[in-house]
Every structure is written in structure tokens, then in C-alpha cells.
1. Go through segment 29-88 residue by residue and tally those that are of a type in the set (A, V, I, L, M) and in contact (Cβ under 8 Å) with a residue 60 or more places away in the chain.
2. Answer yes if at least one residue in segment 260-271 is more than 30 Å from Gly171 (Cβ to Cβ), surrounded by 13 or more Cβ atoms within 10 Å (Cβ to Cβ), touching a His at 6+ places or on another chain (Cβ under 6 Å) and at pLDDT 95 or above, and no otherwise.
3. Based on this model, can you work out whether Thr119 counts as of a type in the set (Val, Ile, Thr), under 33 Å from the mean Cα position of the chain (by Cα) and within 21 Å of Arg225 (Cα to Cα)?
4. How many residues are surrounded by 12 or more Cβ atoms within 10 Å (Cβ to Cβ), of a type outside the set (A, V, I, L, M) and over 16 Å from Glu185 (Cβ atoms) if we restrict to segment 146-168?
5. Mind telling me which of the residues Leu14, Leu24 ends up being of a type in the set (A, V, I, L, M) and outside any helix (DSSP H, G or I)?
6. Based on this model, can you work out whether Ile154 counts as of a type in the set (A, V, I, L, M, F, W, C), free of Cβ contacts under 8 Å to residues at least 24 places away in the same chain and under 17 Å from Lys89 (Cα atoms)?
7. Answer yes or no as to whether Ile112 is surrounded by 15 or more Cβ atoms within 10 Å (Cβ to Cβ) and touching a helix residue (DSSP H, G or I) at 6+ places or on another chain (Cβ under 7 Å).
8. Closer than 29 Å to Asn335 by Cβ and surrounded by 13 or more Cβ atoms within 10 Å (Cβ to Cβ): which single residue out of Leu229, Leu213, Leu236, Leu287 fits that description?
Amino acid sequence: MDSIGKGIQNQLDLTESQVTEIDLLFRDYNREMFFPIKKPFSLTLHKIAYLRKLILLLDDQQLTKFKKIKRKAKQKQKDRNERALINQKKNIAEKYKVLKLNSTQIDRMVSISNNNKRTNHDIIQEKIRAEFKDELSAKQFKDLELIFNQKNKIILSNKIESIKSTYHYLGLHRDQALAFIELEEKNTEDHKITYTPRFKQLSTINPEIKEILNDVQFQKYEENRKGLLERELISLKRNDEKQRQEIKWLKEKEDFLTTELLPKLSEITNELIQFANQEDLKTIYLLRKQYANKIDNLIVKSTKDLKATYQDYAPNNLRISILNYSHYFINPVPNILAETLDLNTNIFSHIVINENQKQRIQKINQILRMHLIESMERRIKSYVTLLGGVQQAADPTYHELYRLILLDEKPAINIMNMQNRQVNIND
């Protein structure tokens, strides 16, 4: 795992003992970030709490150095941002100098630009028109449109050259390049709605492309597409083969769940069932049936989607998907019923988790948490690769109740339900 302490040892004159303590602190920081003990989880509060713990490890001199480094880094970033803003204002003032914008108007231009960085330039231009429609004169608006038109010509010219370069072997003329641009923009919009992997894109002959190209060009295009597809297929098989390790980890998790977790959970389930009346028992039966059907539907959908996308070239990805869903039978995930079941309401009249059971569930969850943590730490070389914004909402009020009720009282029944979904995933 990462040695954060070593990285700052010389800067703060840390002892070896402090380096070890900081590394352990960083480990605990990441463990709690990815596997929170308490929910809802706030990344901001989490950072503050561990920063305070870090400060307690430092002596006065080290703390002074640490604060100085933090201030210097903060000031450096502030200076960098200010320089970037000044340059941005200069560029906008130069770009729209014919409009003779005042400083406030330039600031608003900057704001529109910064708030729409991922937006198509046409939309940004429309926002600028709307922002200044009541304060620019007719001549200024005419000049603004000339600026936009010139910008759009440059953008289009660059796109044409890019398309011609990409398909250089086809010798596209301008109209063909424009048709390709229109087609790619349409595909980009479709891609935002439905993700289409590269393998599937290359596996399909696009009739619209045939309409753009002449016969000789289309033959070259097809030869290139088939070559790309062959290379993509090799890459796909190679990547899928790497998933065997993921399958091994999932089987290890399955062994842990069936031997360490399931017996303890089923024991509590059995205790809860003892208090159920006939109406409760009927509800439990219907819930378990609905839950099993939901898992089966998820497996069917996942299988269908993977087959449609990768045909039979990603068998290990399919195995992983089925393994994950089948594990829902030995460690239930009530949230998959959230569309039809209010997990914040106890629908049973005689079933309630008592304090003793709550404590046992908490211990079980702690055991599961540590298993997942240790498993992840064996699988990754660096926590840094995983760092990111992590926010986790609180579990529904009766999450644990439904998690237990969805289990059969007999562990063997849950294991059988799981294994029945795995019958077609073996090599």
C-alpha cells in the first residue's frame, strides 16, 4: 500500500515512527472512505476529521512547517487561477474588441464561458445572444454575428481537415467530409443516450456511410473496418481473459459469505420468523418470490445486453455479472425492490429487530467490511488510483430487516438458490 509518510518525511523532518503512523492513518482514511462505518457519509467532513488526526501526530515545529507548506500551495493555486482569469479576460476583450465591451460585460462573458465548458459552441453563442440582447445596439449585434460566423467557419474547417486526416485513405472531398461530420455528430448524440462499445460499432455495417462513399471508397472503408474489428477482437479477448482473476476474487468472496456470513444472518432470520403471524408469513413468501424474480430478470437482462454487445467474445464478463447477481441470494440487496417496496416502512405487524439482534448484525457487518477491505487491498497496488469524490447516502430505515427477511432460514436453501443461477457459467 502507499507510503504517504515517506513522501513528506524530508519536508517535515518526520521520524520513522511518524512515517508509520501517517501511513496507517492514510490507510484508515481510505478504508473509511470506500467502506464507511456510518452513513450518510460526507467526504468533506471525512477529510476534516482525518486532517485533525494528522495534525495531532506532529510536534510544534512540524506543524508550523506543515501549515507553511499548505499556505504556500494554496497561494500558488490562487496565483495560478488569477493569472488564468486575467488571460481569459484579455482573450475575450481581444476577441470581441469591435463591440467595445466594458469590464462588467467582459466578466459576464467569462462567466458564460466557464459555466458552459462542456457545452457545444452553438449553445454558448445562443447564451451570449440572450445575455446581451437588451444592451447591444443593432450594429453591435451585427458585429457579434460576424464574429460568431468567423468562429464557426474556423471550427468547421478544422473538423473537415480532421475528418479528411482520419479517413485519409479514402481521399474524401469536402461534401463527403461534411456528410461524415453530420453522421458523427448524430452518433455522438445517440451515444449520450445509449452507450455503444467500439466492438459493436465496428461489427455493424453502417448503410449511411455507403451512401456517402463511392464503390471504390466503400471497399477501402470496409477493408479498414474489418482490420480494426480484428484488432479490437484480439484486444477484447485479451481483456476478457484478465477477468479470470476477478472471477477468482468473487469465488473467494462467495466462500466467505457462505461460511462466515450466511449462517449468522440466517440464524437471526430464523429468530424473526418465530414472531410472524400468518399474514406476515404470506407477505414474506411473496417478497421472496418477487425478489428471486427480480434477480432472475437482472441476470437475463445482463446476459442479453452482454451478448448483444460482445456476442460470445466476453464470457468472463458474463460470468462476473452472473456471479455478482447470484450472490444476492446469500447476502440480500433489498434496494433492488425499492420501486415496489418502501424500505423506510416496516410492512410486518409482528416482526421487529431487537437490540440484541441489532448488535449481532453490526458485528456481522463489521466482519464483512473488513473482508471487503482486505480483499480490495490485495487487489490494488495503490489507493491513489481510487481517490475521488465519494458520497454515500444513509441506508433506508428498515434495510437490515428486509435484508434478513429475504433470506431463507436455512442456509442451504440460499446456497441452492445461488448455485441454480450459476449453472451455465463454468468453463
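1. 3
2. No, the conditions are met nowhere in segment 260-271.
3. No, not satisfied.
4. 3
5. Going through Leu14, Leu24 in turn, the sole match is Leu14.
6. no
7. Working: surrounded by 15 or more Cβ atoms within 10 Å (Cβ to Cβ): yes; touching a helix residue (DSSP H, G or I) at 6+ places or on another chain (Cβ under 7 Å): yes.
Answer is yes for this residue.
8. The conditions single out Leu287.
The values are calculated or read from the model by the stated rules, or taken from the named source; none is laboratory data. Remember, it's a predicted structure, so these values are computed and weren't measured experimentally. Don't worry about glycine lacking a Cβ; one is built from the backbone with ideal geometry, like all the others, and counts go over all protein chains shown.
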